Amino acid sequence: MIAKKHGAPFVAELKSSKKLQRLVIVTHLIALGASVSNALPLILKLVLAVLIGLNFKLNFPSLKNEQRKIRYTKKLGWEISEGGDFEAADILKSTVVTIFFIFLQIQNKPTILIANDALSEDDYRQLIVKLKMTVH
């Protein structure tokens with residue numbers, strides 16, 4: 001839900017993204033293919049394949065249970081909630097914004113990948129505009 005008033009806070013609640021889930025699956029499949037089709041000894045290929053599988057098993061379920069919110073107010077700036085209270089977030093100008101994905105880079109935190117289907121079309125567009133207007 002995003003406020004329409006000029007001075008009102010901007011709030012975007014991210015939902016689970018099918019595009020991001022597909023991207024993670026494809027990325028892991030490519031990594032798995034690369035791990036077995038290289039010139040490493042068989043034991044290392046197996047170790048790499050197991051590590052890639054474990055990474056997928058540990059991280060993929062969290063994509064289905066997205067509970068992240070992003071908020072911007074003039075007074076407090078950008079804030080992010082990951083299911084709890086909002087925390088201040090210093091968004092870096094190295095953030096990459098496209099019509100399909102936003103690679104939100106935050107000072108001293110991991111990059112957040114936001115797919116355009118994690119928000120309504122209007123909310124995604126408003127997030128792009130707000131980022132371009134406020135991140136210097």
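For VAL36 and ASN55, compute 0.36 nm times the residue count separating them, minus their Cα-Cα distance, and round to one decimal in nm. Could the numbers behind the result be given before it?
Working: separation 19, 0.36 × 19 = 6.84 nm, distance 1.62 nm.
Length gained, VAL36 through ASN55: 5.2 nm.
Count charges around ILE70 for me, please; just the other residues with Cβ under 12 Å from its Cβ, Lys/Arg as +1, Asp/Glu as -1. Don't jump to the answer; show the numbers that get you there.
On the way: positive: ARG68, LYS69, ARG71, LYS130; negative: GLU13, GLU66, GLU79, GLU82, GLU87, ASP123.
Residues close to ILE70 contribute a combined charge of -2.
Which one, LEU63, SER94, ALA34, projects farthest toward the positive side of the charge dipole computed for the chain from Cβ point charges (K/R +1, D/E -1)?
Going by the Cα projections, it comes out as SER94.
Spin-label point model (7 Å from Cα, Cβ direction): what's the GLN67 to ASP122 distance in nm?
2.8 nm
Within the set of other residues whose C-beta is less than 11 Å from the C-beta of VAL135, count the net charge using Lys and Arg as +1 and Asp and Glu as -1. Each step should come with its number before you reach the end.
Numbers: positive: LYS93, LYS130, LYS132; negative: ASP90.
That sum, taken over residues with Cβ under 11 Å, equals +2.
What is the local net charge at LYS109, summed over the other residues whose Cβ is closer than 13 Å to its Cβ (Lys, Arg +1; Asp, Glu -1)? Intermediate values should be presented prior to the final figure.
Values: positive: ARG68; negative: GLU79, GLU82, GLU87, ASP90.
Neighbourhood net charge equals -3.
What residues from the stretch 18-32 fall in the zone where the backbone N is under 15 Å from a label point 7 Å along the Cα-to-C-beta line of LEU46?
none
Each reported figure results from applying straightforward, stated rules to the coordinates on display, with no laboratory input. Keep in mind the model is a prediction, meaning the values are calculated, not measured. Here the Cβ is made from the backbone with ideal geometry for all residues, glycine too, and neighbour counts use every protein chain on show.
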